[in-house]
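Below is one structure, written out as structure tokens, with a few remarks after it.
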Amino acid sequence: MHIMTVQGPIGPEEGGFVLSHEHLLCDLWSIVRSYDGILDDENLAITELMKYREEGGKTLVEVSSIGLGRNPQALRRISKESGVHVVMGSGWYREEVYPAYVSELSTNELAEKIVKDITVGADGSDVRAGVIGEIGTERYHITPAQERVFRAAARAQRATGVSIWTHTTHFGELALEQIALLREEGVPSERIVISHLGDRFGASHFRAIADTGVYLGIDNIGYEGQGYPPDEVRARNIVELIAGGCEDRLLLSLDVCMKHHLHSYGGKGYDYLQVKFLPLLSQAGVKDHQIVNMTVANPARALAFESRNHRDEK
């Protein structure tokens, strides 16, 4: 079992403290129409990431999949210079930024592209993806194009063993439909991470999702305003989810993806979880060993997989 980083495989025990859903380099221009949504400065990313490392951060899952400006070689350089393990995503983000070939290739052909990212390297490089995602839906229903991407992701997962990270719009909408689709293709629940949960008032909203056995990504920590609640709401939801038996399936992260999220622009930074939110969890009654589960043990299980191809790692 290993975790595949942009610099190569590491043992699950080497992952340490993990941010499970982040962006170091991404381009959201097509979605937000603002320079705020463009992160393309490698040196700035290194500077920001080193603050995370100084607070004990060891690994970061970078889910800028195709359509979000993924840059494998740059991620390798950032990881090397910062001293933080970076796990890169594969697949296609949301329909608004799908490349044209998503509608031209078959599901199996799309799956082969993801498998190549994971087993050979992404975008003509030897930098290998370690997860599939983030792949997303919008609201109300899953479109045919989104279904094709999800089925391709599922088939690639079955071929490689890596986990799938999904994007949900509006705090879990269509999560159950995503899970049903992936499971129909044979993906085990323990290989699915549903992102952008924890932002509703009361954990009862997430009970049906939790009952499927997937990982729950509480990953908008530090967001507030424009439809997002204060962190106290997320903390209470985590307490409720732990009490409901979900401790071993919770992942915590910040979803940094805008310039205004960075310290350099007056934002929370990648160290916000350690500096601000974990003390809030402790005050809410969450024990130290439970925090370790959510930030070390759980992400290690979600990320670790056994190589299923002949290109064994060094």
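The table that follows gives values for the structure above.
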item	result
Scope segment 114-135; condition among the polar types (S, T, N, Q) and under 13 Å from Ala156 (Cα atoms); matching residues	Thr119
The lone exception for Pro188 - which of (1) within 15 Å of Ala208 (Cβ to Cβ); (2) open to solvent by 10 Å² or more (accessible area, probe 1.4 Å); (3) out of contact with any Lys or Arg (no Cβ under 8 Å at 6 or more places or on another chain) it fails	(1)
Count of segment 143-179 residues which are of a type in the set (Phe, Trp, Tyr) and either open to solvent by 10 Å² or more (accessible area, probe 1.4 Å) or over 22 Å from Asp211 (Cβ atoms) (or both)	1
Segment 41-98 - residue that is in a strand (DSSP E or B) and aliphatic (A, V, I, L, M) and, of those, farthest from Gly8 (Cα to Cα)	Ile66
Count of residues meeting criterion [touching a strand residue (DSSP E or B) at 6+ places or on another chain (Cβ under 7 Å) and either not hydrophobic (A, V, I, L, M, F, W, C) or not in a helix (DSSP H, G or I) (or both)] in segment 121-159	15
Qualifying residue in segment 129-149 (condition: under 26 Å from Met4 (Cα atoms) and without any contact (Cβ under 8 Å) to a residue 40 or more places away in the chain)	no
Helices (runs of 4 or more DSSP H) contained in segment 201-314 and holding at least 1 residues open to solvent by less than 10 Å² (accessible area, probe 1.4 Å)	207-210, 231-243, 278-283, 298-303
Filtered residues of segment 23-43 (kept if open to solvent by 30 Å² or more (accessible area, probe 1.4 Å) and out of contact with any helix residue (DSSP H, G or I) (no Cβ under 8 Å at 6 or more places or on another chain))	Val32, Arg33, Ser34, Asp40, Asp41, Asn43
Enumeration of residues in segment 44-62 that are at positive phi and either open to solvent by 50 Å² or more (accessible area, probe 1.4 Å) or under 17 Å from the mean Cα position of the chain (by Cα) (or both)	none
Residue within segment 69-91 that is under 26 Å from Trp29 (Cα atoms), at pLDDT below 95 and either in contact with a Leu (Cβ under 7 Å, 6 or more places away or on another chain) or surrounded by fewer than 16 Cβ atoms within 10 Å (Cβ to Cβ) (or both) present	yes
Top-ranked residue of segment 6-17 - restricted to ones that are part of a strand (DSSP E or B) and more than 13 Å from Gly121 (Cβ to Cβ), ranked as most open to solvent (accessible area, probe 1.4 Å)	Pro9
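The values are calculated or read from the model by the stated rules, or taken from the named source; none is laboratory data. Predicted model, so just to flag it, every value in this text is computed and none were measured. All Cβ positions, glycine included, derive from the backbone under ideal geometry; neighbour counts span all protein chains shown. These area figures cover heavy atoms from the full protein model, side chains too; ligands, DNA and RNA do not enter into them. Shrake-Rupley method; radii C 1.70, N 1.55, O 1.52, S 1.80 Å.
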